[in-house]
1. If you check every pair at least six apart or on different chains, which have Cβ atoms under 6 Å apart with a residue in segment 35-60 that is touching a residue at least 40 places away in the same chain (Cβ under 8 Å) first and a residue that is surrounded by fewer than 12 Cβ atoms within 10 Å (Cβ to Cβ) second?
2. Find the residue count for segment 204-220, including only residues that are of a type outside the set (Lys, Arg) and open to solvent by 40 Å² or more (accessible area, probe 1.4 Å).
3. Sort out which residues of segment 267-285 are farther than 20 Å from Gly345 by Cβ and more than 15 Å from the chain's Cα centre (by Cα), and write them in order of number.
4. Those residues that are aromatic (Phe, Trp, Tyr) and open to solvent by 40 Å² or more (accessible area, probe 1.4 Å), I need them from segment 269-323; list them, please.
5. So if I check each of Leu131, Leu184, which one is at pLDDT 95 or above and surrounded by fewer than 23 Cβ atoms within 10 Å (Cβ to Cβ)?
6. Starting from residues that are outside any helix (DSSP H, G or I) and not charged (D, E, K, R), keep the ones in segment 21-37 and report whichever is farthest from Ser291 (Cα to Cα).
7. List the residue pairs whose Cβ atoms are under 9 Å apart, where the first residue sits in segment 17-32 and is open to solvent by 80 Å² or more (accessible area, probe 1.4 Å), the second is outside any helix (DSSP H, G or I), and the two are 6 or more positions apart or on different chains.
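The values are calculated or read from the model by the stated rules, or taken from the named source; none is laboratory data. Just so you know, these numbers come straight off a predicted model, no measurement behind them. Ideal geometry is used to build each Cβ from the backbone, glycine not excepted, and the neighbour counts take in all protein chains shown. In case anyone asks, the SASA skips ligands and DNA or RNA and just uses the protein heavy atoms, side chains included. Shrake-Rupley method; radii C 1.70, N 1.55, O 1.52, S 1.80 Å.
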Amino acid sequence: MTLTADFERVPTAFTYWEHRKHPRIARLESTARKLFNISIFPTDKIAVEFCDSLFRGDAVAENFVDEVLAADPTAGRALLDRALVEGIDALDDVPASMQVLFDEFETLPDWVRPEVVEQGAAIWRRWGTMLFAVAGGITLEMYTEAAVATPLSLAGGYAGDNALRRFLETCQFWVDTSEPGALLRIGSTGRATAMKVRVMHVSVRRRIDGHPEWHTEQWGYPISQGYQMLTLLGGSTVPALALRLVGLQTTPDEIRALLHFQKYMGHLLGVDVSNFPTTIADSLRMTAMVSAARSYDAGIHGKELIESFPASFAPRPNQKGLARIRARYNHGIYAAYTTLFMSPGTRGKYDMPSAFPWILIVLARFPFITVLELIRRTVPGVGPRLERISDAHRRSWLRAQMDGREAEFEAKGGLRR
């Protein structure tokens, strides 16, 4: 397909259209059409709209930040917190931009199927800490892209000594948003966390946009609609398939429930989900498009982010006894997980800790987890019990790692550079 003026807004680093012309990819696409009558990529219309979304942010939340939080951060945050607990109707004299934000936030879209949202959340609970592992490893793949790595590097949250703290905040987000009723019940912790993350994204965007190191023509808008949608995909089809490597078996119906769960979560986060995939095939086509578009241009910033992740679990000088043993285990096991969930080509380019002997633990657990999965799917009552056990374990793991800290979901301080 040839680009025309109708859809010329494509970041130069998003090289999907150029790579589709590559002989190897063209042959692969042609073979898929001839043998299976399918396309490995989305329709051109969806691809064009995705490229355009790379230049868009969240206008509704941005208007709220400009009118309320920018004017008085302390009072604005208190007002936001109260609205999240009591609901917007409990407040008097609500600023116009805040009313618009909460009208969208508190209105359940017609397409939402609450029972399917709850099914998707239950799958995350059943995955337990393996969600943390697989999502962490998959995310590292995208740190090779400057459009993703540059905002994180400038903000500093996922680099160096801050890497573990910010990752644990993300884990807290996953826990909060997947509790029973978390996304559907007004006043829930999960909905409050989603809104805080949405507002935090606005704050980060505002500081990155216009920064000398940010190049809009190359990468689009910081934390754009498009890349947020890809983050949502990173919590559904791809991890469901990747977790088969450790024995967790997620059925096609469950994957479709995850897609619906993620679509509604995206709505709460201010993502335009009109083109969010609803089928496994379409989600894989979207993934294929982004894989074909990678330019591997993150350089030293991507290197820092990727190498900081497993290193952040290493024992610290002040850790003694059980805490040090736990840290040593986490460091080793996450080295094994990055081996499983990153492509060998990507992982081999960076200084990553050895997966041996920790990968042997993963291999030894595989038959046991597989058998449990078979029992879960065939014996009544076992599934909910395993879900409760996994949920309790992920909470325990997170408490131990947080070591008394609380997730704040705020973008504090200035940029690193």
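1. Close Cβ pairs satisfying both conditions: Asp44/Met1.
2. First, pick out the residues of segment 204-220 that are of a type outside the set (Lys, Arg): 204, 208-220.
Pick out the ones that are also open to solvent by 40 Å² or more (accessible area, probe 1.4 Å) and you get 209-210, 212-213, 215-218.
Summing the residues that are of a type outside the set (Lys, Arg) and open to solvent by 40 Å² or more (accessible area, probe 1.4 Å) in segment 204-220 gives 8.
3. Going residue by residue through segment 267-285, those that are farther than 20 Å from Gly345 by Cβ are 267-283, 285.
Within segment 267-285, Asp272, Ser274, Asn275, Pro277, Thr278, Thr279, Ile280, Ala281, Asp282, Arg285 qualify.
4. Residues of segment 269-323 aromatic (Phe, Trp, Tyr): 276, 296, 309, 313.
Selection gives Tyr296 alone.
5. Values: Leu131 fails: surrounded by fewer than 23 Cβ atoms within 10 Å (Cβ to Cβ).
That would be Leu184, the only listed residue that is at pLDDT 95 or above and surrounded by fewer than 23 Cβ atoms within 10 Å (Cβ to Cβ).
6. If we filter segment 21-37 for residues that are outside any helix (DSSP H, G or I), which is where we start, we get 21-22, 37.
Going one step further and asking which of them are not charged (D, E, K, R), we end up with 22, 37.
Details: His22: 14, Asn37: 21 Å.
That would be Asn37.
7. Note: pairs meeting the criteria are Leu28/Ile40.
Quick grid of which residues meet (1) small (Gly, Ala, Ser); (2) over 12 Å from the mean Cα position of the chain (by Cα); (3) in a helix (DSSP H, G or I):
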site: Ala163; (1), (2), (3): yes, yes, yes
site: Thr170; (1), (2), (3): no, no, yes
site: Ile186; (1), (2), (3): no, yes, no
site: Arg191; (1), (2), (3): no, yes, yes
site: Pro212; (1), (2), (3): no, yes, no
site: Glu217; (1), (2), (3): no, yes, yes
site: Pro222; (1), (2), (3): no, yes, no
site: Thr231; (1), (2), (3): no, no, yes
